[in-house]
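> Could you have a look at this structure, given as structure tokens, before my questions?
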Amino acid sequence: MRKFLVVLDDSRECLNAMRFAAMRAAHTGAGVTILSVIPPEEFNHWIGVGEVMREEARERIHAHFEVFAKWMRDKQNVDPELVIREGRPVEEIIEQVQEDPSIGVLVLGAGTGRKGPGPLVTQMTKSSGSLPIPITIVPGDLSKEKLEAIT
């Protein structure tokens, strides 16, 4: 089964990327993999403190994931899977794509502020030529109605 890979982070635009991935998956019979990357700099503390922080980060990710997963299951009849990786986001996204051949599309949300689409979109588009899959960039300010119309 083909899957859409979408990145779960704390950005506002993440919501539209999740919606788009779930709606496309529902309409095409595909699956959704939600990837969350914990940056390594969060754990540059003493070993015990770093482990506690790592566990807290995982708990936050699971709680955040469950909100999206419930919506996907209830509204789109899509049961997403969660993957948590540690490292630099761009590198971990590329590794996830390379490790899972069923991933067919990477879905990213673009920011709408003055700073541009966001660091992840900027960095991933620079790497897009070496990816074996297309990237779909979803504008962060699209309405639910527009998302439904294009999916």
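The values are calculated or read from the model by the stated rules, or taken from the named source; none is laboratory data. If you're wondering where the values come from, they're calculated on a predicted model, not measured in any experiment. FYI the Cβ positions are ideal-geometry reconstructions off the backbone, even for glycines, and counts take in every protein chain you see.
> Can you name the residue in segment 1-18 that is over 21 Å from residue 145 (Cα atoms) and basic (Lys, Arg) and, of all such residues, is modelled with the highest pLDDT?
3
> While we're looking at this one, here's another question. Assess whether residue 22 counts as being in contact with a helix residue (DSSP H, G or I) (Cβ under 8 Å, 6 or more places away or on another chain), more than 24 Å from residue 129 (Cα to Cα), of a type in the set (Gly, Ala, Ser) and modelled with pLDDT of 95 or more. Steps first, answer last, please.
Values: in contact with a helix residue (DSSP H, G or I) (Cβ under 8 Å, 6 or more places away or on another chain): yes; more than 24 Å from residue 129 (Cα to Cα): yes; of a type in the set (Gly, Ala, Ser): yes; modelled with pLDDT of 95 or more: yes.
Answer is yes for this residue.
> Name the one entry in 103, 61, 84 that is in contact (Cβ under 8 Å) with a residue 60 or more places away in the chain and under 14 Å from the mean Cα position of the chain (by Cα).
Numbers: 61 fails: in contact (Cβ under 8 Å) with a residue 60 or more places away in the chain; 84 fails: in contact (Cβ under 8 Å) with a residue 60 or more places away in the chain.
The conditions single out 103.
> So residue 73 clears everything in (1) among the basic types (Lys, Arg); (2) over 22 Å from residue 19 (Cα atoms); (3) without any contact (Cβ under 8 Å) to a residue 12 or more places away in the chain except one condition, right? Which one?
Unmet for residue 73, out of (1) among the basic types (Lys, Arg); (2) over 22 Å from residue 19 (Cα atoms); (3) without any contact (Cβ under 8 Å) to a residue 12 or more places away in the chain: (2).
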